[in-house]
Every structure is written in C-alpha cells, then in structure tokens.
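Enquirer: Structure below; questions to follow.
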Amino acid sequence: MRRYAYRILLIIGLTAAASGPSAAAAAEPAVHVTVVRARALIDGTSAQPRPNPEIVIRGNRFTDVYTAGSRPAPAGAQLIDLGNATLLPGLIDCHTHIFLQGEVPEAGGYDIQLLKFPASYRVARAVVAARRALEQGFTTIRDVETEGAGYGDVGIKQAINEGYIPGPRMFVVTRAISSTGGYNLEGYAPEIQVPKGAQLIDGPVEARKAAREQLDHGADWIKVYMTHRSWVDKQGELASQPTLTTEELKAIVDEAHGWRRKVACHAYNGIGLQRALDGGCDSIEHGLEITDAQIAQMIRQGTWLVPTLSVYYYDPDPPDTPSGKRDRKRVAVHGVSFQKALRAGVKIAFGTDVGGFVWSDPIAQEFGREVEFGMTPMQAIQSATSRAAELLDMSGEIGRVAPGAYADLIAVEKDPLQDVAALKNVSFVMKDGSVFKSPAAARP
Ligand SMILES: [Zn+2]
C-alpha cells in the first residue's frame, strides 16, 4: 500500500541523512516536491481563472502558485504537465450516502438494502462508492448517514485515512436521528420488528442521548430528519410530515455545539422546516420549498442550504398516482425555492444525495442543475469548493488552490466556465499530494 511505500522512503531518507555530514539534515527527511502545470487554474475563491499556472506541492500541501515562466520550478521537482487542461481544487460533495446504492425500484428499492444485504456486502459496496467519489474528482465528502448500516462510515473513513483503501476525506454523521413514525422501514405488519434507517427518539432526553452516543462513536456532524412523508394536499400544495419537536431538536443542537460539531437537518418545507430553523440547525438539506420569511431567518442565523437538486429528477412514479403527483410537485417547487434563496444571498453549498441515485451516474450532474436555476458556472464551482469548505469549517484547508491548503487538485480537459458539464469528465485527481488518477500523456 502507498502508506507503507511512503514509510520505507522515509526510513531510507533518514538513514541517508544520518550518515551524511550535516546533523541538521538528519532532522529533515526529504519531502517529495511536485509541480503541476496546465492551461488554466480555477482556484476556488478568485472570480477569474488564472492562465498558465504552475502549482508547487510539497508533501501534502500546496506551497506556491505562480505563472509558468515567471520563475524557475524548484530544483529536483517532479513535473506533471497537463497541457490544455483546466485545474481546480478537489471538489466537495456535502450530501452523500456511500452505504446506499440507489433506490432503483427494479433492484428492490430502499428496503432490500436493510432487509437482505449482509453488512459485509454493504461495506464492500461502500468501499466502491468511496473510490467512485474520488475518481470523479470529489476529494472530500460529508456523508450524511449510513441508512441502517450503523457506524460503518466511521470505519470506512479510518481505512481511507490510514491508506488501506482509496477514497475522499470524509466527514461522517453515523446513524442520523428521527422520531417514531419518522423514518423507513415502514409499511410492514405491526407485529413484525423491522430495522430502521435512522436512530428513532422521542423526547428531549432521548434526543440528547442519541446525539451523545453518535458523537461518542465518531460522528463529525449530527444529521436530523425534520420532515418525513410528503404528499400533495387538497389545495394542490406540497405537504410534509414534521418529525422532531423544536425542544427535541434544541437538545441535539445544544449537545452537538458543545462538542464544537454541527447539525445538518433534512427538511422539505412547512412546520418541519420551521422547527429546523427555530431549533438552530446549521444546514438545511434539500429545502424544497422555503418561504420568504424562512429565507430571511436563514440569512439572519447564517444557516446553510444544501439543495440536492438532481436526485428529485430520478424515477418519478406514474403521474396519475398520489406518489407520482408528489414526485412532480417536488421538482416544480424546488428550483423556484433555490432561485429565491440564491437571489436573497442564502449561503449555498454543493450536495447531491448520491447513493439516493446510483454511484455509476455522474455526481457532477448537479452543477448543471445549479446553473439551470441561476448560478453562474463560477458560483456553482465555488459552491463545491471554497463555499463547501466554509460549511465544513475547513476554510483555507480544502476547496482552494493556495499556499497552505491540502494538495487536493483535479483537472478537466474542457473549460467548465463554458460548460459545467465538463466537470463530469475529470482526467486527473490528486488528493493530499498523492496522484490517484492521471491521463496517460502526463504519466512519467
Ligand atoms: Zn440524503
């Protein structure tokens, strides 16, 4: 594994230095230096791309960015020339589910994953999903619950960090929290005990205890479901069932904030969305239909929106069925709500709900939806780079190409500012200073 190779290099470096004349050199093992060159750089924060960049990477950090030819490249550096490509920071998806493999009706939908898949099989497929994220240029994900797979995300994250499997940096939420009647599996005979996709609580005491358990077992964030079932009501409006009370949510938020962690709240609209805001959620997931007053409250409180637009276009039920009408109504209100939030200045971070759709589909399809509903291509890119980093309290560390940040770098062959669909074809991926994927022409 890469990790061991790295350790061996370190030992050789130390041995060589120790036998040399300088004692100072012994304390400083040789650091691998790479220079990446391409046609343009979108750095994640600047309004304009930078032409002909050269980016210096020492170890796992960016140390310098300058225009090619303006100075000599550092001596002894490995050069990676990506020709006409455009470089960007590694992308960040703030709403993924590596333990979900689409909810494809022909493949048994959601329920089969909890009822028939062995835990080992779910882990094996989560490992593949993590690799899929990385090869598509997503070097960081916030994975917002394992859907009945317990604390499986904590172990996957550890295996990635220790170099045993390839994958993105992960922020994990573990089990997520909802209330009785507030999450799948459901619709089974009441006499039969079925597993639930989230930890169900009732009352502020149980709510706080669930948050404590999850934080104790490694949750970086807490995920709460504030709405569950949804349907079209007699007036033709989207209605959604609220789950936790404001008091229950406040207990969770208070606990999480004490640990300096944040709370992501799944909320469609109505009472549940209002409780999410009144209870102090840090990010609203989906936010299908946000009123003007709620938008104003989000701005006042600094609440983020993680919209996940694309997933709602998948597999609508037949149009003349209640669920089919619901599916179409969700799409109809979501884009309008996104546009209003964007215009009003709500903080928006990129999220897709991949896992809700299959991992073989392009995660980057979400950029096209963001642009369709009013973002510029640069805004869309920043929603998945510097803005997402801000949501994750990682500003300056990820989501930008600048000295000091982790060396997470990708390249696309076509200009994504002309067409954001270019982001579906990532040709080069570096994470933490190590090249994971590279076009044949750039390989040494
Ligand atoms: Zn989700």
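Enquirer: What is the one condition in (1) within 30 Å of ARG328 (Cβ to Cβ); (2) under 19 Å from the mean Cα position of the chain (by Cα); (3) not hydrophobic (A, V, I, L, M, F, W, C) that ASP220 does not satisfy?
Expert: (1)
Enquirer: Within region 339-363, count every residue that is away from the ligand (no atom under 16 Å from the Cβ) and aliphatic (A, V, I, L, M).
Expert: Residues in region 339-363 being away from the ligand (no atom under 16 Å from the Cβ) and aliphatic (A, V, I, L, M): 5 in total.
Enquirer: May I pose another question? Could you go through region 288-296 and let me know if any residue there is closer than 23 Å to VAL346 by Cα, within 15 Å of the ligand (Cβ to nearest atom), in contact with a Leu (Cβ under 9 Å, 6 or more places away or on another chain) and modelled with pLDDT of 95 or more.
Expert: In the first step, residues of region 288-296 are kept if they are closer than 23 Å to VAL346 by Cα; the result is 288-296.
Imposing the further condition that a residue be within 15 Å of the ligand (Cβ to nearest atom) reduces the set to 288.
Filter once more, so that each one left must be in contact with a Leu (Cβ under 9 Å, 6 or more places away or on another chain): 288.
Within this subset, residues satisfying the condition of being modelled with pLDDT of 95 or more are 288.
The answer is yes, given that some residue of region 288-296 is closer than 23 Å to VAL346 by Cα, within 15 Å of the ligand (Cβ to nearest atom), in contact with a Leu (Cβ under 9 Å, 6 or more places away or on another chain) and modelled with pLDDT of 95 or more.
Enquirer: Between residues in region 303-315 that are on the phi > 0 side of the Ramachandran plot and residues that are among the hydroxyl-bearing types (Ser, Thr, Tyr) and not in a helix (DSSP H, G or I), which pairs lie under 7 Å by C-beta distance while being six or more apart or on different chains?
Expert: Here the result reads THR308/THR352, each pair linking region 303-315 to a residue that is among the hydroxyl-bearing types (Ser, Thr, Tyr) and not in a helix (DSSP H, G or I).
Enquirer: So GLU366 fits all but one of (1) within 15 Å of the ligand (Cβ to nearest atom); (2) in a helix (DSSP H, G or I); (3) out of contact with any helix residue (DSSP H, G or I) (no Cβ under 7 Å at 6 or more places or on another chain); what number is the exception?
Expert: Result: GLU366 fails condition (3) only.
Enquirer: Are any of the residues in region 258-268 in contact with a Cys (Cβ under 8 Å, 6 or more places away or on another chain), within 16 Å of the ligand (Cβ to nearest atom) and not aliphatic (A, V, I, L, M)? Talk me through it step by step, then tell me what you get.
Expert: Initial filter on region 258-268 (in contact with a Cys (Cβ under 8 Å, 6 or more places away or on another chain)): 263-265, 267.
If we keep only those that are within 16 Å of the ligand (Cβ to nearest atom) too, we end up with 263-265, 267.
Restricting the remaining residues to those that are not aliphatic (A, V, I, L, M) gives 265.
The answer is yes; a qualifying residue exists.
Enquirer: Which strands (runs of 3 or more DSSP E) sit wholly inside region 237-350 and have at least 2 residues that are surrounded by fewer than 23 Cβ atoms within 10 Å (Cβ to Cβ)?
Expert: Details: elements: 238-242, 262-267, 283-286, 304-306.
Strands (runs of 3 or more DSSP E) meeting the threshold: 238-242.
Enquirer: Sticking with this structure for a sec: Looking at TRP221, TRP231, which one is of a type outside the set (Ser, Thr, Tyr), away from the ligand (no atom under 16 Å from the Cβ) and touching a residue at least 60 places away in the same chain (Cβ under 8 Å)? Lay out the reasoning, then the answer.
Expert: On the way: TRP221 fails: away from the ligand (no atom under 16 Å from the Cβ).
Among TRP221, TRP231, only TRP231 is of a type outside the set (Ser, Thr, Tyr), away from the ligand (no atom under 16 Å from the Cβ) and touching a residue at least 60 places away in the same chain (Cβ under 8 Å).
Enquirer: Could you list, in sequence order, all residues of region 394-417 that are in contact with a helix residue (DSSP H, G or I) (Cβ under 8 Å, 6 or more places away or on another chain) and either part of a loop (DSSP other than H, G, I, E, B) or within 30 Å of ARG261 (Cα to Cα) (or both)?
Expert: Within region 394-417, the subset in contact with a helix residue (DSSP H, G or I) (Cβ under 8 Å, 6 or more places away or on another chain) is 395-400, 412-417.
Passing the criteria: SER395, GLY396, GLU397, ILE398, GLY399, ARG400, GLU413, LYS414, ASP415, PRO416, LEU417.
Enquirer: When ILE381 is evaluated against the numbered criteria (1) modelled with pLDDT under 95; (2) crowded, with 17+ Cβ neighbours inside 10 Å; (3) not hydroxyl-bearing (Ser, Thr, Tyr), which criterion, by number, is the only one it fails?
Expert: ILE381 satisfies every listed condition except (1).
Enquirer: Report yes if THR174 is more than 30 Å from ASP317 (Cβ to Cβ), at pLDDT 95 or above and in contact with a His (Cβ under 8 Å, 6 or more places away or on another chain), otherwise no.
Expert: Details: more than 30 Å from ASP317 (Cβ to Cβ): yes; at pLDDT 95 or above: yes; in contact with a His (Cβ under 8 Å, 6 or more places away or on another chain): yes.
It is true that THR174 is more than 30 Å from ASP317 (Cβ to Cβ), at pLDDT 95 or above and in contact with a His (Cβ under 8 Å, 6 or more places away or on another chain).
The values are calculated or read from the model by the stated rules, or taken from the named source; none is laboratory data. Predicted model, so just to flag it, every value in this text is computed and none were measured. Cβ: placed from backbone, ideal geometry, glycine included. Neighbour counts: every protein chain shown.
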